[in-house]
Protein chains: 2
Amino acid sequence: MLAQDRKPQRDWQPIIKEFEKIVGKDGVVRRKEELLTYECDGLTSYRQRPAIVVLPRTTEQVAEAVKICDRHDVPWVARGAGTGLSGGALPIENCVLIVTALMRKVLKVDLENQLVVVQPGVINNWVTQTVSGAGFYYAPDPSSQIICSIGGNVAENSGGVHCLKYGVTTNHVLGLKLVLPDGSIVDVGGEIPEMPGYDLTGLFVGSEGTLGIATEITLRILKAPEAVCVLLADFTRIEDAGAAVSAITGAGIVPAGMEMMDNLSINAVEDVVGTGCYPRDATAILLIEIDGLEAEVEANQARVVEICKANGARHVTAEIEAEKRLKLWKGRKAAFAAAGHLSPDYYVQDGVIPRTQLAFILKEIEDLSQKYGYRVANVFHAGDGNLHPLVLYDNAVPGALEEVEELAGEILKLCVKVGGSLTGEHGIGADKKCYMSEMFSEKDLETMQWIREVFNPKGLANPEKLFPTPRTCGEAANAFKTKQFEGAELF
Amino acid sequence: MLAQDRKPQRDWQPIIKEFEKIVGKDGVVRRKEELLTYECDGLTSYRQRPAIVVLPRTTEQVAEAVKICDRHDVPWVARGAGTGLSGGALPIENCVLIVTALMRKVLKVDLENQLVVVQPGVINNWVTQTVSGAGFYYAPDPSSQIICSIGGNVAENSGGVHCLKYGVTTNHVLGLKLVLPDGSIVDVGGEIPEMPGYDLTGLFVGSEGTLGIATEITLRILKAPEAVCVLLADFTRIEDAGAAVSAITGAGIVPAGMEMMDNLSINAVEDVVGTGCYPRDATAILLIEIDGLEAEVEANQARVVEICKANGARHVTAEIEAEKRLKLWKGRKAAFAAAGHLSPDYYVQDGVIPRTQLAFILKEIEDLSQKYGYRVANVFHAGDGNLHPLVLYDNAVPGALEEVEELAGEILKLCVKVGGSLTGEHGIGADKKCYMSEMFSEKDLETMQWIREVFNPKGLANPEKLFPTPRTCGEAANAFKTKQFEGAELF
């Protein structure tokens, strides 16, 4: 029996009263117009209104709220800032949405041991702001970092530009206080990395809300680098840019970030933001950030310039000053928003390929683009092979969305075929669960489901996410789709 | 019912025949004198002869062997090279020992994507040897790396000197082919780090043989650094050495390794190995390795020298040449063997503390040493707070072992009390399971047990390890202890 089939006609009044006892009247949202906000996350193409929204402030309140759901057999979905791009925080019918937005306390700052402990509603950027005065920062930096919250980052194992060198969220989470789906509270990991027993911290990070809610998160912070340099290299052939990426990594250089944009993206950005830095006639540009000691940055900068030129770069410019660096990044950060100006609608894909397949995959995307008759702009984390092709279309044209979805799906299948992955940083959520069997055997998926079932035996925590289910991956898949992705600045 | 209580009088003949069908007659060890080798791993104080030993060569053979055990309800224990120090590969009565020593193939080398795929019996050091010609290496380097195998490293999530900068085994395993306790074969992770779904790779690494056997292991390899420098700083006060460690890390420098030895260890090493480099009158020395680009190493070297001197170092010497660097390391590498010359017996402890507690814990160990009347030599991975106190004693003195165990246990409890851990790199195994409840609540341990039960529902895979059980953590705990640790060069 699927969770949402249970008691669809339930009487919510007594349940609401129970929630109000825990979080107060102002901690429960139940009016239809207020619930609108919570219909979807950053993936606006899927929408479903929750029955009620609960806003706890403490671990204990989260635990009590989860226990109420457990007692009444009510499915629930955890939501952070709602910026996720795979529908991981999408409500299901007649569910309770547990929103951590009011859990915004920094609970501990320990500079000596290089860690902070935060509640899940703390915004990603605040962590760095809290410790930057002392020369530290928090490395994972999704492009939505000024609005996304750490709880959501943990659920989706978020990445970002700097994750090439420093690793994704899971590499920076030392410990978690968790509320499990039975309402019990457990501590996993701790304040040091060397913890015996099973690595439940690592298991929980990236579990997309299916195993419980993290209510206290211990994060590793890093010393800010002494020097930073951003290089822009422009190429007339996209294969050359791909070859430069491989050569830089092959030389043992690990840039803090290494991003690629193609001609379509470059021109979209220059049209909209007008950085004046990106050459409009380039087939592709690379943005490469190098950080470390001053001497190290200087040495690596020289090597990167040399490698780019040896691989056919026309020009390479390098900027050390903070303001000029930001200007170079500005276009990349606006790339998705700018794509919105190229076309009435666009569909963003998130796939991963082994770095060595860059040139091949770009050629294939070009072929698919021509075959389907839709333009594709390419913007991506080249250093770790994480592609974000943007398929441009007009939703007003009947049948366009379906064709674009098919095209985007073909790109994804291609990623898996060459040894890559369905998602680099946006997660599986509601959006990609039907693709999981492209990547994993039935037995592999069954093994993952063991974990889900043992943590979440009643299936109440974030049902219908992450794993394919026959019902939702069949013909009913598109039943509650309304319109395609409209987000802009959340990457 | 405990696994080993099942059918103790079983008829092994038909089972042996089944194994022989799978791995051939020479793949089954059954003669008592040959089984002696397999009575214990590197922790020689616990001994138990297995019923039989099976030596498979392929994933399929491992799967078939596990299925035979499953069918006959026979408990089994996986063993790699047998160098583990926590009794993780200790047999239990009437068990089958599945030894991966013949699974020694390097299955794939992909330099472009910086990975290798190996069978579990491949020796740690071979991985680097395989790729060093092309300028790559495998980072995790337990001191036993010339004899320990990758399968065991995965089971115990092994560390090493270079793990301070590069992370432990789990940070270098991209994917695994696993044989689960029901004999099924699954693939977890892959060849790229960005895999969706639950991180079963991370869950399996460090699970100490309780969830299955890894039969193919995909490892990340790194580009060898351009330059390396080893510094030796000597101090007259151990607190100063501790303060220097904190100051170096606090300055944002991440040495490849940072090790401390106290006066007792220094003199033991000089007596035995005679490096001629370690000042015998120093209270403590630090050995600090820095690697990276030449410019980076030069800059960091200058800063480390400055920090050590500012924190009271009498002298700091630095060596760049490979031969001289090896000479500086030689004493550290021989420290455990040398301790054997200080005293007829010694007990090695493995605990972790937050780095900031270094000075405090050393003082406490000194107090405990005086209280119990046993000398303690300190040798440890100072950079990550991983202590290896060596308690010196004479096993011929009645009651000495018990006192020493109590003293070592007090040190461990102290580690946990100040926010540290029961083990840095040796694992829990049979040795420390009774301490797990010092570190985890009942609910935390129960949550870990969920994982064990779902993967290993019959409890046949490595029973009586990792978690405390009332029977073995009660008065019967010492029943099968024979004598104290005698290993020497396995660190």
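The values are calculated or read from the model by the stated rules, or taken from the named source; none is laboratory data. Predicted model only: the values in this text are computed from it and were never measured. Backbone-built Cβ (ideal geometry, glycine too); neighbour counts: all protein chains shown.
A few points about this structure:
- Residues in the range B:330-376 that are surrounded by fewer than 19 Cβ atoms within 10 Å (Cβ to Cβ), among the charged types (D, E, K, R) and out of contact with any helix residue (DSSP H, G or I) (no Cβ under 7 Å at 6 or more places or on another chain): 6 in all.
- Of the strands (runs of 3 or more DSSP E) entirely within the range A:305-388, those holding at least 3 residues that are within 19 Å of A:Ser265 (Cβ to Cβ) and of a type in the set (A, V, I, L, M) occupy A:376-381.
- Positions within the range B:151-207 being of a type in the set (A, V, I, L, M, F, W, C), touching a residue at least 40 places away in the same chain (Cβ under 8 Å) and closer than 20 Å to B:Val99 by Cα, in sequence order: B:Val154, B:Ala155, B:Leu176, B:Val179, B:Leu180, B:Ile185, B:Phe204, B:Val205
- Here B:Ala241 does not fit the description of being among the hydrophobic types (A, V, I, L, M, F, W, C), crowded, with 18+ Cβ neighbours inside 10 Å and in contact with an Asp or Glu (Cβ under 8 Å, 6 or more places away or on another chain).
- Being closer than 21 Å to B:Ala251 by Cβ and either touching a Ser or Thr at 6+ places or on another chain (Cβ under 7 Å) or at pLDDT 95 or above (or both) holds for only one residue in A:Leu111, A:Leu107, A:Leu97, A:Leu115, and it is A:Leu115.
- Among residues of the range A:172-195, those that are facing chain B (nearest Cβ under 8 Å) and modelled with pLDDT of 95 or more, counted: 6
- Exactly one residue out of A:Lys165, A:Lys105 is more than 30 Å from B:Glu156 (Cβ to Cβ) and surrounded by fewer than 21 Cβ atoms within 10 Å (Cβ to Cβ): that is A:Lys105.
- Screening the range B:264-285 for residues that are touching a Lys or Arg at 6+ places or on another chain (Cβ under 8 Å) and in a helix (DSSP H, G or I) and picking the one that is nearest to B:Ala233 (Cα to Cα) gives B:Ile266.
- Residues of the range B:171-182 that are buried (at least 22 other Cβ atoms within 10 Å of the Cβ) and within 30 Å of B:Val230 (Cβ to Cβ): B:His172, B:Val173.
- B:Glu446 over 22 Å from B:Cys95 (Cα atoms), at pLDDT 95 or above and among the acidic types (Asp, Glu): yes
- In the range B:189-211, residue surrounded by the fewest Cβ atoms within 10 Å (Cβ to Cβ) [restricted to those that are among the hydrophobic types (A, V, I, L, M, F, W, C) and closer than 16 Å to A:Tyr198 by Cα]: B:Leu203
- Criterion: touching a helix residue (DSSP H, G or I) at 6+ places or on another chain (Cβ under 8 Å), of a type in the set (A, V, I, L, M, F, W, C) and crowded, with 24+ Cβ neighbours inside 10 Å - qualifying residue of A:Ile146, A:Ile150, A:Ile185: A:Ile150
- Annotation: of all residues in the range B:410-442 being surrounded by fewer than 17 Cβ atoms within 10 Å (Cβ to Cβ) and hydroxyl-bearing (Ser, Thr, Tyr), the one that is nearest to the chain's Cα centre (by Cα) is B:Ser437.
- Leading residue by the ranking (surrounded by the most Cβ atoms within 10 Å (Cβ to Cβ)) among those in the range A:393-406 that are touching a residue at least 40 places away in the same chain (Cβ under 8 Å) and touching a helix residue (DSSP H, G or I) at 6+ places or on another chain (Cβ under 7 Å): A:Tyr393
- Count of the range A:318-349 residues which are touching a strand residue (DSSP E or B) at 6+ places or on another chain (Cβ under 6 Å) and either within 15 Å of A:Tyr278 (Cβ to Cβ) or in contact (Cβ under 8 Å) with a residue 60 or more places away in the chain (or both): 14
- Within the range B:80-94, being away from chain A (no Cβ under 14 Å) and touching a helix residue (DSSP H, G or I) at 6+ places or on another chain (Cβ under 7 Å) holds for B:Gly80, B:Ala81, B:Thr83, B:Pro91, B:Ile92, B:Glu93, B:Asn94.
- For the range B:5-22, the set of residues classified as modelled with pLDDT of 95 or more and among the polar types (S, T, N, Q) consists of B:Gln13 only.
- Helices (runs of 4 or more DSSP H) enclosed by the range A:151-253 - at least 2 residues per element that are within 21 Å of B:Cys163 (Cα to Cα): A:163-166, A:200-204
- Condition check for B:Ile288: of a type in the set (A, V, I, L, M), in contact with a Gly (Cβ under 9 Å, 6 or more places away or on another chain) and at pLDDT 95 or above: yes
- Leading residue by the ranking (nearest to the other protein chains (Cβ to nearest Cβ)) among those in the range B:222-238 that are closer than 24 Å to B:Pro140 by Cα and surrounded by 21 or more Cβ atoms within 10 Å (Cβ to Cβ): B:Cys229
- Residues satisfying the stated conditions in the range B:424-465, i.e. under 16 Å from B:Tyr46 (Cβ atoms) and β-branched (Val, Ile, Thr): B:Ile428
- Residue count, the range B:343-385 (criterion: within 14 Å of chain A (Cβ to nearest Cβ) and β-branched (Val, Ile, Thr)): 4
- Identity of the residue in the range A:354-374, in contact with a Ser or Thr (Cβ under 8 Å, 6 or more places away or on another chain) and of a type outside the set (Lys, Arg), that ends up nearest to A:Arg280 (Cα to Cα): A:Leu358
- Matching residues, the range A:48-62, being surrounded by 23 or more Cβ atoms within 10 Å (Cβ to Cβ) and in contact (Cβ under 8 Å) with a residue 60 or more places away in the chain: A:Val62
- Of the criteria (1) of a type in the set (Val, Ile, Thr); (2) closer than 27 Å to B:Glu296 by Cα; (3) touching a helix residue (DSSP H, G or I) at 6+ places or on another chain (Cβ under 6 Å), which one A:Val272 fails: (2)
- Selection within the range A:57-116 - among the hydroxyl-bearing types (Ser, Thr, Tyr) and in a helix (DSSP H, G or I): A:Thr59
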